[in-house]
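The values are calculated or read from the model by the stated rules, or taken from the named source; none is laboratory data. Just so you know, these numbers come straight off a predicted model, no measurement behind them. Cβ placement follows ideal geometry from the backbone for every residue including glycine, while neighbour counts extend to all protein chains displayed.
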Protein chains: 2
Amino acid sequence: MFDPIEKLKAYVAHASVSADPAFAPHMAGARDFVGGLLSEIGFAVEYVPTALHPVVVAKRPARGEAAKTAPHVLIYGHYDVQPPDPLDLWETPPFEPQVRGSRIYGRGTADNKGPLMAHIAAVARLVEATPDLPLNLTFVVEGEEEIGSVNFKTFLREHRDKLAGADFIFMSDTGIPSPEQMVITVGLRGIASFEIALTNAAMDLHSGGHGGAILNPIQALAELCATLHTPDGRVNVPGFYDEVCEVEDWEREELRALDLNEADYAKFLGVSQFYTPPGYSPFEAVRFLPTLEFNGISGGYQGEGAKTVIPSVARAKVTCRLVAKQNPAAIKAQIFKTLRERAPAGLKMELLSQHDAEPYLVVPPGRSNTPADQSPRLAAGFRAVEAAVKEVWGGRPFYLREGGSVGLIADLKAELGLDAIMLGLFLPEDNLHAPNESFDLGIMQKGITTIETALRNMART
Amino acid sequence: MFDPIEKLKAYVAHASVSADPAFAPHMAGARDFVGGLLSEIGFAVEYVPTALHPVVVAKRPARGEAAKTAPHVLIYGHYDVQPPDPLDLWETPPFEPQVRGSRIYGRGTADNKGPLMAHIAAVARLVEATPDLPLNLTFVVEGEEEIGSVNFKTFLREHRDKLAGADFIFMSDTGIPSPEQMVITVGLRGIASFEIALTNAAMDLHSGGHGGAILNPIQALAELCATLHTPDGRVNVPGFYDEVCEVEDWEREELRALDLNEADYAKFLGVSQFYTPPGYSPFEAVRFLPTLEFNGISGGYQGEGAKTVIPSVARAKVTCRLVAKQNPAAIKAQIFKTLRERAPAGLKMELLSQHDAEPYLVVPPGRSNTPADQSPRLAAGFRAVEAAVKEVWGGRPFYLREGGSVGLIADLKAELGLDAIMLGLFLPEDNLHAPNESFDLGIMQKGITTIETALRNMART
């Protein structure tokens, strides 16, 4: 009998921090644990090397002739976790998982070991109960999600044969707003990151001796950054919104049906008011609109008290969140052109391009703007999951875009042509990426049943 | 025979770093050295305690009845020095002074031990050659100049009786542009320091999940800071220039006579162009105009690469340099009022007031805007110094304002009503506050002769 909670405890005990080379043995431990588990339940497991952490690929084709005709579901997960710092804020050690009340605590319990374990447990039950199920199953479990899936695109490109024939992705690495509301994420924002550095004098200067003679790069940077938004909060870069896809009525209705509360959201954020472009609620703005956000700014003296310096250089770190169908490279090119046009004369401006990710959008079947050419298998997959959710959750799932970026989803689409059905399993209070990360065991159990039911439904299509 | 170079070496060997309590014994060493030296040449020395480092007060009244009628010159200096860091950039240890070529190297050689030693040596010669000189002399040598003369104003207020009867200050803690050009500094800019902090959300937020819903405090800060200057580089705060004193024609002529070269200055700073309000050269702007300068800005992530955060708070450090007759408190109040009017709705703005210093201006006698009530003793002092400079330097001194702030000069004026005759002795290449600080021994010798001659001239008035 497969006990998902005991398995999850053993899995979480592997401190698989991908960001820190010191954790390499634990990365290998987590990888072997997942591979071993999948092998135990009948999968052929392969560790595919990348430039850093291998990808676990585990396959279980349908038996006999069905292998050729049955749906092929690719289940994605990741075995790496965020660093556990700051350690002193944890109530129990991050890699000594502990069940307290209805929750299991430990780094990675929610992101992504618990949700992946729900998929493995569901599959274990399914293949034990119905070994002849006409369904091809492939797990792809990477070890670099928390460091931006840096080698995943290359893996997909070089090993597309290993994943050939898959119909769509089924996965759980997204959230739900409350234990009563199931969400299937259908859109993710893309990202375009860069840094602006403005340099004037060759060195930091004394502001007494030289103040008034030259343009202070902090002033120049503030003035430049201040041009990047209009007073109503839109991004003030020509062409920025040109490729933004229309928000369909059903999307706004879906959000309204979710019945989110602005006052609660403001309280959660600790803000006294929202700041969104006209015509968009905060819940809409974070999902449907692109942004130009300053993630960091620095220049001159930042310690205690005062130091009367005119700094040589000032910097700003910027990320744009992009929505379908904006292209990160094109947007970045337009922003750089705009910055060059607006930069003050005489200063040296460096624009350092950093990582990009494509936005992603899939439309569930039956919605007004579902593409006519949507694959019947994908449509059937959505229906299979919806039916399972109704059965287990007692109500239909909400189909929502999210504001975050998960580049690997767009990579899977770009490299393999596969869309993803993203069944949310973690809650806002799960503390992802933070101390005392935990996962709700009730949600986990419902998740396992939902996934098992969904897969069984898929096998019928 | 008083050997100023040997004395200076012994003086510099005391590592009198006022900023660091670990150097306290060396502070005491430097203080005792100065006191001992002044005692040796006939001064009555007193160490006046303050909340931190004592002030050396040394008096030598004119002999007999002349004490009541002779001019009373107060010579200011400081026995503390800047910290020597970074130590590895020094060619010889900072507190093992060494003569190489025509220079003496070591921390404090130029700021202010060498120039003060020039005054002591000049006085030593003078009183040895002419013990009956009708001149009252008082040295005031403080130990906190490098930490902003934090207790000096209180010292002046509490011990004004010790300095009673002084006619003016004579001192050397300012610079000259070249070995051929003597400058008497007649103006210093004041300062008004503060910090702006803009806070929105209660914590740093993920820019994926929440970007687009709230105003980013970096954006808000950039937009706020960008309102503080007009496109032509003036400070955009109502009333900011109201009290700025007119620049007299003779001041502009004096600067032109100095024949400073803009291309050389730009090269020295490493800038490709200057940025001054219309009608002011860079040399004029730093002396005659007030500024609002950003000394530091910070917010969000500042490390390598990207971190997709909307910070909770963003901060800017600001100092205004002020010119006569601007009042730091009034200017700061006006800026704070303006910032509050312009601050974005919904964010929390904190304005943290930091230190202030008054601007200072004295007009040498015979200039068009010399106050009618200028003391005859001060006017005679200026003439005495000018005659000495002509004799030793072969040309008249330039009377210039400087862009920096030396609050103690304004404090001496405010507390004792005394103006200062500031004879420059250090050169741009002396590396004040930097590694390999040094002092030109040729300038020192000429300085001693100039000071001796000037004091002798003063005694005749």
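Here are the numbers:
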| item | result |
| --- | --- |
| Residue match in segment B:123-144 (condition: touching a His at 6+ places or on another chain (Cβ under 6 Å) and over 20 Å from B:Ile409 (Cα atoms)) | yes |
| Conditions (1) touching a His at 6+ places or on another chain (Cβ under 8 Å); (2) crowded, with 22+ Cβ neighbours inside 10 Å; (3) more than 7 Å from chain B (Cβ to nearest Cβ); number of the one not met by A:Gln219 | (3) |
| Which listed residue is of a type in the set (A, V, I, L, M, F, W, C) and touching a Phe, Trp or Tyr at 6+ places or on another chain (Cβ under 7 Å), from A:Val186, A:Val127, A:Val150 | A:Val186 |
| Residue among B:Ala10, B:Ala24, B:Ala30, B:Ala15 that alone is in a loop (DSSP other than H, G, I, E, B), of a type in the set (Gly, Ala, Ser) and at pLDDT 95 or above | B:Ala15 |
| Checking A:Phe283 against (1) modelled with pLDDT of 95 or more; (2) surrounded by fewer than 19 Cβ atoms within 10 Å (Cβ to Cβ); (3) over 21 Å from A:Ile331 (Cα atoms), the condition it does not meet | (2) |
| Residue within segment A:240-259 that is outside any helix (DSSP H, G or I), under 30 Å from B:Val323 (Cα atoms) and either of a type in the set (S, T, N, Q) or more than 9 Å from chain B (Cβ to nearest Cβ) (or both) present | no |
| Number of positions in segment A:174-202 that are out of contact with any Leu (no Cβ under 8 Å at 6 or more places or on another chain) and farther than 24 Å from A:Val244 by Cβ | 1 |
| Flag if A:Glu142 is surrounded by fewer than 24 Cβ atoms within 10 Å (Cβ to Cβ) and either free of Cβ contacts under 8 Å to residues at least 24 places away in the same chain or within 21 Å of A:Gly424 (Cβ to Cβ) (or both) | no |
| Flag for A:Pro134 being part of a loop (DSSP other than H, G, I, E, B), farther than 30 Å from A:Val244 by Cα and more than 14 Å from chain B (Cβ to nearest Cβ) | yes |
| Pair list, Cβ under 9 Å, 6 or more apart: segment B:16-35 residue farther than 23 Å from B:Ala121 by Cβ and of a type outside the set (Ser, Thr, Tyr), other residue assigned to a helix (DSSP H, G or I) and modelled with pLDDT under 95 | B:Val17/B:Glu146; B:Ala19/B:Glu146; B:Ala19/B:Ile147 |
| Sole residue being in contact with a helix residue (DSSP H, G or I) (Cβ under 8 Å, 6 or more places away or on another chain), assigned to a loop (DSSP other than H, G, I, E, B) and of a type in the set (S, T, N, Q), chosen from B:Ser353, B:Ser368 | B:Ser368 |
| Condition met for B:Tyr301 (touching a Leu at 6+ places or on another chain (Cβ under 6 Å) and either on the phi > 0 side of the Ramachandran plot or free of Cβ contacts under 8 Å to residues at least 60 places away in the same chain (or both)) | no |
| Residue count, segment B:124-139 (criterion: surrounded by fewer than 18 Cβ atoms within 10 Å (Cβ to Cβ) and either within 26 Å of the chain's Cα centre (by Cα) or of a type in the set (Ser, Thr, Tyr) (or both)) | 1 |
| Selection count where residues are over 19 Å from the mean Cα position of the chain (by Cα), crowded, with 23+ Cβ neighbours inside 10 Å and of a type outside the set (A, V, I, L, M), scope segment B:164-207 | 2 |
| Failed criterion for A:Ile331 (all others in (1) within 14 Å of chain B (Cβ to nearest Cβ); (2) over 30 Å from B:Asn295 (Cβ atoms); (3) surrounded by 22 or more Cβ atoms within 10 Å (Cβ to Cβ) hold) | (1) |
| Some residue of segment A:104-123 being within 29 Å of A:Asp356 (Cα to Cα), in a loop (DSSP other than H, G, I, E, B) and under 21 Å from the mean Cα position of the chain (by Cα) | yes |
| Number of the condition not met by B:Gly366 [criteria: (1) within 14 Å of chain A (Cβ to nearest Cβ); (2) on the phi > 0 side of the Ramachandran plot] | (1) |
| Residue in segment B:227-237 that is more than 12 Å from chain A (Cβ to nearest Cβ) and assigned to a loop (DSSP other than H, G, I, E, B) present | yes |
| Hits in segment B:28-46 (condition: in contact with a helix residue (DSSP H, G or I) (Cβ under 9 Å, 6 or more places away or on another chain) and buried (at least 17 other Cβ atoms within 10 Å of the Cβ)) | B:Ala30, B:Phe33, B:Val34, B:Leu37, B:Leu38, B:Ile41, B:Phe43, B:Val45 |
| Segment A:291-348 - residue that is among the charged types (D, E, K, R) and in a strand (DSSP E or B) and, of those, nearest to the chain's Cα centre (by Cα) | A:Arg321 |
| Residues (under 15 Å from the mean Cα position of the chain (by Cα) and in a loop (DSSP other than H, G, I, E, B)) located in segment B:392-420 | B:Glu402, B:Gly403, B:Gly404, B:Ser405, B:Val406, B:Asp419 |
| Cβ pairs under 6 Å, 6+ apart, first in segment A:404-415 and among the polar types (S, T, N, Q), second buried (at least 20 other Cβ atoms within 10 Å of the Cβ) and in a helix (DSSP H, G or I) | A:Ser405/B:Gly208 |
| Scan of segment B:104-141 for residues that are charged (D, E, K, R) and over 13 Å from B:Pro4 (Cα atoms), ordered by number | B:Arg107, B:Asp111, B:Glu128, B:Asp132 |
| From B:Thr276, B:Thr291, B:Thr308, B:Thr319, residue being touching a residue at least 40 places away in the same chain (Cβ under 8 Å), of a type in the set (Ser, Thr, Tyr), at the interface with chain A (Cβ under 8 Å from one of its Cβ atoms) and under 30 Å from B:Gly211 (Cβ atoms) | B:Thr308 |
| Residue within segment B:305-327 that is surrounded by fewer than 15 Cβ atoms within 10 Å (Cβ to Cβ), outside the structural domain of B:Ser178 (by TED's automatic domain parsing) and under 30 Å from A:Ala357 (Cα atoms) present | yes |
| Top-ranked residue in segment B:71-91 [being over 22 Å from the mean Cα position of the chain (by Cα) and within 17 Å of B:Phe43 (Cα to Cα); ranked as surrounded by the most Cβ atoms within 10 Å (Cβ to Cβ)] | B:Pro71 |
| Long-range neighbours under 8 Å by Cβ, at least six apart or interchain, first residue surrounded by 24 or more Cβ atoms within 10 Å (Cβ to Cβ) within segment A:92-121, second in a helix (DSSP H, G or I) and of a type in the set (Ser, Thr, Tyr) | A:Pro97/A:Thr109; A:Gly108/A:Tyr11; A:Lys113/A:Tyr11; A:Met117/A:Tyr11 |
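Each row is one residue, and each column tells you yes or no for (1) more than 30 Å from A:Ala213 (Cβ to Cβ); (2) of a type in the set (S, T, N, Q); (3) assigned by TED's automatic domain parsing to the domain that holds B:Val150.
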| position | (1), (2), (3) |
| --- | --- |
| B:Ser375 | yes, yes, yes |
| B:Asp411 | no, no, yes |
| B:Phe426 | no, no, yes |
| B:Ile443 | no, no, yes |
| B:Ala454 | yes, no, yes |
